[in-house]
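Written below as structure tokens is the structure these notes are about.
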């Protein structure tokens, strides 16, 4: 087992905290990308609280592991981690999206410590991540680069330019992950622009490809650790639920971006508590 | 860093070859320098770098967007990437990555756009680059350089390495007419070079139009007795505003010449300075007059757009017919 039972419980607890923070931040901001933040928060939690070498006091530490949130619109999810780890102040979250704030929908790497690239324009992150991975090789460094893409983002041709190059350069120090939440702004991915057979596409581009439950820490950890041992680049397709944990949003593409008021926020928090208990039950039962 | 070139080098080497040689010399002194190209190692001549530093050379295939993204990631990790592709693909195909991945975070990427203007004559408008200056100079953080010839290109490359932040260097295909016969010791980003002094009129030129503007000024001096100042405006951004204002005040007649559309490029940049100065001026912008380019030899296309010696002389003579009222303190009236 890549993770002990204790580690899984700690990660579950942390992810639950972060989900509550995301709902709070969306409420403070007035609106936000709730769905895609909740679908990717589990893998981001696993990376930041278990695998990544980072230094809160030295965000630009040159040997740190890199994290590229290519689906930059999930910044409101990512920022919950940065505030929890102390890269930014917790009270700054109350300024999210406000005029003059250093925090907006798409996080600016020059303004927010701990952010490695100013993403938001889709289809860019994987190339940037590859540049970082190639630089590690060029500079003789052993840091790893992790990149999370959205599934809808994979409509962009530039994603496949990057995929081709990762495979060409055998950049196995870069781990590609797709948050496969099956939804994009205008509807389900298969209705707007079909991605399936999605895993076959990544395989055809030269990746060892696995579909993993993106809300299961143990399964993700196994897949991530196996990828570290492989010379072939790996793509993990993380099967997730958009809006996971918030009943009124879960699985509904319309919650890609939305506004919530105090009442809905309370409902979301109650829903998250129940979701957390359910997940704990599943972990303990396993 | 003391790069040494002779005029012999620039007669034997095309501008792009000079670029490759200059960069190889700089790379020998700075191991952070890496090169990326998009299947244009041969066309852009940067293949010469690969021979010296194969492990620092990345040919990413025909994928400009990916190339600029990779370059951004490399720069964010401490390398100094030089990208080499055609200018049109630098300014258009890969623009979103140039804008968002490189310029927005102010990363230390140096982009060389070759085959600029109409210098890839027979290739037509799909490969000419006649809007790149306008597009790229509008992006914050980006320095835009347009050298006149091989020798100045070497100076630009050296200055770009010394400059922290993104730089675009626009060069032509093939050989340029030689403007500089010895290395530019005093080259400075943002500081125009005065190639010819004069008080009747000023030619402000960049790239391949610098040579023709200088020749036109010399001929107008010998044929018509005109004294024309010639500025090599090798830096479009940050523009040498003082040099433009001085030309405005000293000569009151300005012609810009560029192998580029007159909208938003060198002519546009100079027009902004003139308009903001509040001083009146006779002014013409030579270049492509809001049109796509034609097919033909570079020199023929320069003739078509009146940025060859004849075209610049014709426009200068027409402009000399404009009479200004006698008014010694006109500059103080605004």
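Of note:
- 2 or more residues more than 10 Å from chain A (Cβ to nearest Cβ): qualifying strands (runs of 3 or more DSSP E) within the stretch B:52-163: B:80-86, B:110-114, B:143-145
Residue-wise test of (1) touching a strand residue (DSSP E or B) at 6+ places or on another chain (Cβ under 9 Å); (2) crowded, with 24+ Cβ neighbours inside 10 Å; (3) at positive phi; (4) modelled with pLDDT of 95 or more.
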| residue | (1), (2), (3), (4) |
| --- | --- |
| A:119 | yes, yes, no, yes |
| A:131 | yes, yes, no, yes |
| A:155 | yes, no, no, yes |
| A:158 | no, yes, no, yes |
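- Selection from the stretch A:31-47 of residues that are touching a helix residue (DSSP H, G or I) at 6+ places or on another chain (Cβ under 7 Å) and closer than 27 Å to residue A:2 by Cβ: A:36, A:37, A:38, A:40, A:41, A:42, A:43, A:44, A:45, A:46
- Restricting attention to the stretch A:146-203, the residues being over 20 Å from residue B:66 (Cβ atoms) and within 13 Å of another protein chain (Cβ to nearest Cβ) number 0.
- Residue that is farthest from residue B:321 (Cα to Cα), among those in the stretch B:237-277 that are assigned to a loop (DSSP other than H, G, I, E, B) and under 21 Å from the mean Cα position of the chain (by Cα): B:238
Residue-by-condition table, conditions (1) assigned to a helix (DSSP H, G or I); (2) outside the structural domain of residue B:267 (by TED's automatic domain parsing); (3) in contact (Cβ under 8 Å) with a residue 12 or more places away in the chain; (4) surrounded by fewer than 16 Cβ atoms within 10 Å (Cβ to Cβ):
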{"position": "B:279", "(1), (2), (3), (4)": "no, no, yes, no"}
{"position": "B:283", "(1), (2), (3), (4)": "no, no, yes, no"}
{"position": "B:287", "(1), (2), (3), (4)": "no, no, yes, no"}
{"position": "B:292", "(1), (2), (3), (4)": "no, no, yes, yes"}
{"position": "B:295", "(1), (2), (3), (4)": "no, no, yes, yes"}
{"position": "B:300", "(1), (2), (3), (4)": "yes, no, yes, yes"}
{"position": "B:303", "(1), (2), (3), (4)": "yes, no, no, no"}
{"position": "B:306", "(1), (2), (3), (4)": "no, no, yes, no"}
{"position": "B:314", "(1), (2), (3), (4)": "yes, no, no, yes"}
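- Residues being within 14 Å of residue A:14 (Cβ to Cβ) and touching a helix residue (DSSP H, G or I) at 6+ places or on another chain (Cβ under 7 Å) - total across the stretch A:48-64: 4
- Residue list for the stretch B:170-204, filter: more than 28 Å from residue B:40 (Cα to Cα) and in a strand (DSSP E or B): B:193, B:194, B:195, B:196, B:201, B:202, B:203, B:204
- Summed over the stretch A:220-259, the residues that are modelled with pLDDT under 95, buried (at least 18 other Cβ atoms within 10 Å of the Cβ) and touching a helix residue (DSSP H, G or I) at 6+ places or on another chain (Cβ under 7 Å) give a count of 2.
- Filter result for the condition that a residue is modelled with pLDDT under 85 and touching a helix residue (DSSP H, G or I) at 6+ places or on another chain (Cβ under 9 Å), over B:52, B:24, B:7: B:7
- Counting only helices (runs of 4 or more DSSP H) that sit wholly inside the stretch A:30-139, those with at least 2 residues that are within 14 Å of another protein chain (Cβ to nearest Cβ) are A:125-139.
- Scan of the stretch B:22-51 for residues that are in a helix (DSSP H, G or I) and touching a residue at least 60 places away in the same chain (Cβ under 8 Å), ordered by number: B:22, B:23, B:26
- Residue under evaluation residue A:61, criteria (1) over 24 Å from residue B:69 (Cβ atoms); (2) surrounded by fewer than 17 Cβ atoms within 10 Å (Cβ to Cβ); (3) at pLDDT 95 or above, criterion not met: (1)
The values are calculated or read from the model by the stated rules, or taken from the named source; none is laboratory data. Model, not experiment: these values are computed from the prediction. As a convention, Cβ positions derive from the backbone with ideal geometry for all residues, glycine included, and neighbour counts pool all protein chains shown.
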